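A.B. asks: Okay, handing you the structure first.
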Amino acid sequence: MRPRGDLMERLAAADPVREEELSLAEQRDADALLVQLLATPARPVARPRIRRWALAAAGALCAVAAVFAALNLLDSDTRGPGVIEKAVAAVSQGGVYHVLERAQSKSIGAGQGGRLTSYFEYWHTPGGRMHRKTFAVDGPRKGRLLNELAGKRRPGRNGGPVLMWDVRSNTINAGGFATRPFIRGTPSIDSFSDPGTQLRMLEQQGRLRLAGTTQVGDRQAYRLVSGVVPGRVRGAQASVEFLVDSETYLPLAQRQSIRHPSGDGFDVSTRYLVYERLPLNSRTREELDLDPHPGAKCGPSGNLKLGPLGFPNPCAR
Amino acid sequence: MPPTRDERFEGLFRENYAAVRGYALRRATPEAAQDVVADTFLVAWRRLDDVPDDALPWLYGVARRVLANQRRTASRGAALERRLAGAGSGAGSTLDPCETAGEAQLVREALGRLSDSSREALLLVAWDGLSAARAARAAGCSRATFAVRLHRARARLAMELAALESAPAPNLEQRSLEVG
């Protein structure tokens, strides 16, 4: 027998969205959106009229610059496809990758949004396993662990289950890797994505091209840049640039930017302080798991039936 | 000292983000819902001085128009139907899960047969939890008009549910034999 009852009660029970607090991942998405919006001009900026002769002059300058850039690349000892393939291969080999990174984000232009520095340590494998810790950069908890997540992307897909532990509430919740950043083709604006996944995806999308060399600290680096693609907010454009070591081809730095039609926007600059490949053994395998947190509570979503995490779910019943 | 524009918007955003996200998720695929939320708050950011004290119905109204724009393309037009017929209810229940999932699917199928305005009236009240007065503001009509719309929508939903419930259950064994 189907349950009867008041029509509106039956309707309410069919609600596909559960009313609950945002998960850590959803809260991060919300925070990122808020920062982007605060960086957006409150009123669209009126564009100055551009005269035809100015357009023609700008076009001629662009053409000259393009010729110079092409000559410069031809003179260099770099070969585009080779460098990109080597960079992707460098982050796609067996074993476990250990990464320490410092990411700085800031608003550009009239919208005086916030400036945020984050510090991450993570271990990941090309097979989709990832374990990441976030540390406080400043404030009273400077240098201390803020949160931790571990999980596994489903093979060949962006999504997959993940467990998240929050130090403030000492709670473990379940979530999923974000799939949204690639909907409109926006490359790698994904707070959960490791550089290996990002590089592979950009290469598969055909978005990476070699744009010369530069210096990162004392290391010579190749610049791999994406084309400009639509951003999340309507009218915005996004792009990403990887700087990879000219000898190891491992990532040294990454820059992402989002620009609104007015020129305002949002930049994220990531410096990989450590990027190393370690052999897969009992010690490094443990690094891929969520750390044990004795006494941690399991949140409302912590004991949901999840896909394979790659390690036992401490909240599973 | 009065709050700055940024502070006012941040308060509005943090207070209403989860609700607007829920509104969008109930009517669109998760991917499209993210765009709806972003576009809705972009409008709120640019028209902050127009946002009333009771902001949620206003935000729902903006989200409704953003969704309508999205659905102008045929591929996204089918998103709501897929969403309504999609995954089972996550709401906690003491009923047998299989029975509850079937019931939820039945109700969502009946909802999918209603007109857009009827469905919206029901969802604003039953899923988004608005009172009739606030739901009327979200729907962009008078309270009296909304009351009539809601009354008719309830009657139509009851009719569709009754029709679905009286339909004979498919004979799965027979079907598998035919396929095999």
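The values are calculated or read from the model by the stated rules, or taken from the named source; none is laboratory data. Note that the structure is predicted; figures quoted are calculated from it, not measured. Cβ atoms come from the backbone with ideal geometry, glycine included; neighbour counts cover every protein chain shown.
A.B. asks: What residue, among those in segment B:1-24 that are facing chain A (nearest Cβ under 7 Å) and among the acidic types (D, E), is farthest from A:P16 (Cα to Cα)?
C.D. replies: Of everything passing the filter in segment B:1-24, B:D6 is farthest from A:P16 (Cα to Cα).
A.B. asks: Turning to a different aspect of this structure: With the structure loaded, tell me whether B:A33 is surrounded by fewer than 20 Cβ atoms within 10 Å (Cβ to Cβ), in contact with a Phe, Trp or Tyr (Cβ under 9 Å, 6 or more places away or on another chain), modelled with pLDDT of 80 or more and in a helix (DSSP H, G or I) or whether it fails that test.
C.D. replies: Here the answer is no, as B:A33 does not meet what is asked.
A.B. asks: Kindly indicate which of A:A253, A:A236 is modelled with pLDDT of 75 or more and under 24 Å from A:T117 (Cβ atoms).
C.D. replies: A:A253
A.B. asks: Restricting to segment B:141-156, and then to whatever is more than 26 Å from B:E109 (Cα to Cα) and not hydrophobic (A, V, I, L, M, F, W, C), can you tell me which residue is surrounded by the most Cβ atoms within 10 Å (Cβ to Cβ)?
C.D. replies: My answer is B:R143.
A.B. asks: For A:G265, indicate whether it is more than 23 Å from A:W165 (Cβ to Cβ) and small (G, A, S).
C.D. replies: Answer is yes for this residue.
A.B. asks: From the list B:A101, B:A136, which residue is aliphatic (A, V, I, L, M) and either modelled with pLDDT of 90 or more or crowded, with 20+ Cβ neighbours inside 10 Å (or both)?
C.D. replies: Testing whether each residue is aliphatic (A, V, I, L, M) and either modelled with pLDDT of 90 or more or crowded, with 20+ Cβ neighbours inside 10 Å (or both) leaves just B:A136.
A.B. asks: Any idea which of (1) touching a residue at least 12 places away in the same chain (Cβ under 8 Å); (2) in a loop (DSSP other than H, G, I, E, B) is the one A:T214 doesn't satisfy?
C.D. replies: Status for A:T214: all satisfied but (2).
A.B. asks: Please list, ordered by first then second residue, the pairs with beta carbon atoms under 7 Å, 6 or more apart or interchain, first in segment B:28-51 and farther than 16 Å from B:A68 by Cα, second small (G, A, S) and part of a helix (DSSP H, G or I).
C.D. replies: Qualifying pairs under 7 Å: B:V51/B:A44.
A.B. asks: Still on this structure: Scan segment B:25-36 residue by residue and report those that are at the interface with chain A (Cβ under 7 Å from one of its Cβ atoms) and over 13 Å from the mean Cα position of the chain (by Cα).
C.D. replies: Of everything in segment B:25-36, those that are at the interface with chain A (Cβ under 7 Å from one of its Cβ atoms) and over 13 Å from the mean Cα position of the chain (by Cα) turn out to be B:E31, B:Q34.
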